[in-house]
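Enquirer: Please read through the structure below; I'll follow up with questions.
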Amino acid sequence: MTRGAREFIGPITFEAVTGRPVHTEIFGPGHALDHIRLAREANVVVVAPATADFVGRAAHGLADDLLTACLLAATSKVLLVPAMNDRMWSHAQTKRNVEHARSLGYEILEPAEGPLAVGEGSGPGRMPEPDEIMSRVGRLLESKSSLKGKKVIVTAGATREPIDPVRFISNHSSGKMGVALARAAWRRGAEVTLIVGHVDIPLPSEILTLKTETVKEMARAVAEQLLAADVLIMAAAPADFRPATVAPEKIKKGKAAPKIVLEPAEDILRSTISRRKKASVIVGFALETTDGIRNAKEKLKSKELDFVVLNDAKEAGAGFGVDTNRVTVITRDGKEEELELMSKIDLAEILLDRVERELNGR
Ligand code: CTP
């Protein structure tokens, strides 16, 4: 903790909350080589929040406190997360310092837009959410940048097909699997586009995300992105049917219940086959309640997939809404591999390993 940080929160509070020792001093008995030792131990150094003053001192190589001295001694990756008043952030000197810090190899996570302290209104300067900072740290720590230079599209969540201005047809997809896949691909260095319908979880702000509502919109977004994509992972649950007509006004409660006529919605995977780049890897999911393997194999063929990830909608701990999944991966050559129950985050890594193996084999 720097002197500035200690003006806000006492080191004892920090130590109690984290259960970790807090280092503050560069001088004094017993601290002589702290900056060297800490710098050597670090896999990554994160300064969050980094004040305008700190960015300036770091950019100029000053080493007048423990943290700046650590930075100079560190050989690991460094992430600075500037947070300050928006006018201080826009100052030419701050910009110069940030650019200088970048040129030294420091990663900068730009501040978020939003309400600032002391009634200063809204603007760029807020520290990004911890989740986003952790995600960036994950990318820095990832030892492999195995998907660098690859464009990966991931779809996630449920589409909504309107019945009238207030009602829609949808499904229980939460988007968890798709978002886990998008994050994992991003950490591996890919250029990721996440195309979402309705999702129940926070979206990763570091990933380019296109929001869609209906199957039609999602299909258009996939079609546009697909031409340049190396990988498409269709983890979304787009509707199969939609109301044939959308009532322009809210359907009133009459005597008899209204009949809603449905029409088939376009199948996104199938309707975009001709737009796939040669040698791209296409992954589909199959959510089944009966006859899983047979149905999944049928989907693999008709949707021309490289592999299909089968999950059983009725199994506890798998499928919609939960944090875990148990799947069987079926490849084009008919190989079936049953994976154990695991978190969607772990499963995302395994699936991406497969995707990479496919990509590298071409
Ligand atoms: N899918 C799609 N477009 C749709 C519906 C599904 O591209 N309109 C994709 C899903 O994202 C998934 C795969 O197709 O990757 C299989 O989805 P699933 O709902 O299991 O199968 P369906 O093809 O919809 O067939 P059914 O509902 O008859 O099982």
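Enquirer: Output the residue which, of all residues in the stretch 304-327 that are at pLDDT 90 or above and assigned to a loop (DSSP other than H, G, I, E, B), is nearest to the chain's Cα centre (by Cα).
Expert: Arg326
Enquirer: Determine if the stretch 245-260 includes at least one residue that is within 33 Å of the chain's Cα centre (by Cα) and more than 9 Å from the ligand (Cβ to nearest atom).
Expert: No, the stretch 245-260 contains no residue that is within 33 Å of the chain's Cα centre (by Cα) and more than 9 Å from the ligand (Cβ to nearest atom).
Enquirer: Moving on to the next point. Exactly one condition in (1) over 29 Å from the mean Cα position of the chain (by Cα); (2) closer than 24 Å to Pro130 by Cα is not met by His60; state its number.
Expert: (2)
Enquirer: Let me ask you something else. For the stretch 200-244, how many residues are under 28 Å from Ala112 (Cβ atoms), within 10 Å of the ligand (Cβ to nearest atom) and not in a helix (DSSP H, G or I)?
Expert: 3
Enquirer: Of the residues Glu129, Glu161, which single one is within 26 Å of the chain's Cα centre (by Cα) and modelled with pLDDT under 95?
Expert: Glu129
Enquirer: With the structure loaded, tell me whether Leu181 is in a loop (DSSP other than H, G, I, E, B) and surrounded by 22 or more Cβ atoms within 10 Å (Cβ to Cβ) or whether it fails that test.
Expert: Criteria not met by Leu181.
Okay, residues lined up against (1) surrounded by fewer than 18 Cβ atoms within 10 Å (Cβ to Cβ); (2) in contact with a His (Cβ under 6 Å, 6 or more places away or on another chain); (3) closer than 26 Å to Ala296 by Cβ:
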| position | (1), (2), (3) |
| --- | --- |
| Val199 | no, no, yes |
| Leu208 | yes, no, no |
| Val231 | no, no, yes |
| Phe241 | yes, no, yes |
| Lys250 | yes, no, no |
| Pro264 | yes, no, yes |
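Enquirer: From the residues in the stretch 266-302 that are part of a loop (DSSP other than H, G, I, E, B) and more than 26 Å from the chain's Cα centre (by Cα), which one is farthest from the ligand (Cβ to nearest atom)?
Expert: Lys278
The values are calculated or read from the model by the stated rules, or taken from the named source; none is laboratory data. None of the values given here were measured: they were computed from a predicted structure. Cβ: placed from backbone, ideal geometry, glycine included. Neighbour counts: every protein chain shown.
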